[in-house]
1. Would you mind checking the tilt of helix 137-156 against the longest principal axis of the Cα atoms of the chain, expressed as 0 to 90 degrees and rounded to 10?
2. So what is the relative contact order of segment 2-258, in percent, for Cα pairs below 8 Å that sit 6 or more residues apart?
3. Determine the shape class of the chain: with a ≥ b ≥ c the square roots of the Cα gyration tensor eigenvalues, call it rounded for a/c under 1.5, and otherwise prolate if a/b is greater than b/c, oblate otherwise.
4. In segment 2-258, carbon and sulfur make up what percent of the accessible area (probe 1.4 Å)?
5. State the extension gain, in nm to one decimal, for the chain segment bounded by A45 and E227, taking 0.36 nm per residue of separation less the distance between their alpha-carbons.
6. Given the whole protein assembly as supplied and a 1.4 Å probe, what does the accessible area of Y138 come to in Å², nearest 10?
7. Using alpha-carbon positions, what is the distance between the centroids of segment 222-266 and segment 1-76, in Å?
8. Once label points are set 7 Å from the Cα along Cα→Cβ at both R2 and T128, what is their separation, rounded to one decimal in nm?
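The values are calculated or read from the model by the stated rules, or taken from the named source; none is laboratory data. All values derive from a computational prediction rather than experimental measurement. As a convention, Cβ positions derive from the backbone with ideal geometry for all residues, glycine included, and neighbour counts pool all protein chains shown. Only protein heavy atoms, including side chains, enter the accessible area calculation; ligands, DNA and RNA are left aside. Shrake-Rupley method; radii C 1.70, N 1.55, O 1.52, S 1.80 Å.
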Amino acid sequence: MRILVTGAAGSIGRVVTTGLVDRGYDVVGVDLLPAPDGWDGPWHALDCADPEAVDAVVAQHRPGAVVHLAGIAEERGLRESLESHVITTGALLDAMVTHGVTRIVYASSNHAVGRTPRAGLDGDLLTTDVRPRPDTFYGVGKVAAEALLSLYVDRHGLDAVSLRIGSFLEQPESVRGLSTWLSHDDCVRMVDAALTAPAPGYAVLYGISANTRAWWDLEPGRSLGYEPLDDAEQHAGIVPERPEDAAEVAVVGGHFVTGRLERPAF
Ligand code: 15L
């Protein structure tokens, strides 16, 4: 199947594009940046917030599905966050509807529910039916992009899977990360499952590995065929303990909540 991957030059994008090619997918890379060294497939350097450019690339390649990873992976102002996460998603969705592409896999984030405290969760488990509770404008952008996907699923019968990704790193780097880590290999497994799950409609899952200390529900992913194999605990020995750990593990979004990222919208 041909897959259009946006944000293909980013940290997640490089791992996912290579992983999907290894699994036999025909990948078209899209990014603001040129293709990384070693990439020899089709590539388009464009801004996904530009609806005409997005429409042209979808029209040219007619992919079977879109994996939308493009977006600034950190806190910015409100306007920039909405452009980066919501406008890009809208441009892709319109192009998909126009050209008959029926599935999108979206890199959402745990920061869509980052302000959710761990204390008081039913069974100490963060399920996917907690209310949207962003911790930043970044999280607001992810909530709004998820809502846009839901709208297009209902209006146009698309399939859309929102991956609320945890901490995508080669190895966990903090005590929080021992719960929230997503390994590179599990990330590829997760995207593959989201691309191939039969008729998911609109679905949300938490993108983490099978961490011993996990407290985010893995069942929504498993029900789509995502079986994580890695466990952050294997790396626990290299993770430094820090005074801020207790505050970071008490809330979904960790340092996005505790790190004093507050700023006015305008
Ligand atoms: C994210 O969504 C961010 O892009 C990344 O920088 C990390 O903060 C990660 O979540 C996390 O929660 O560890």
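1. 50 degrees
2. Working: 545 pairs, mean separation 45.4, N = 257.
That works out to 18 percent.
3. Taking the square roots of the gyration eigenvalues as a ≥ b ≥ c, the chain is prolate.
4. After summing per-atom areas, the C and S share lands at 50 percent.
5. Gain on stretching A45 to E227: 62.2 nm.
6. Number for this one is 20 Å².
7. Using only Cα atoms to place each centre, the spacing works out to 27 Å.
8. If labels sit at R2 and T128, their model points lie 2.9 nm apart.
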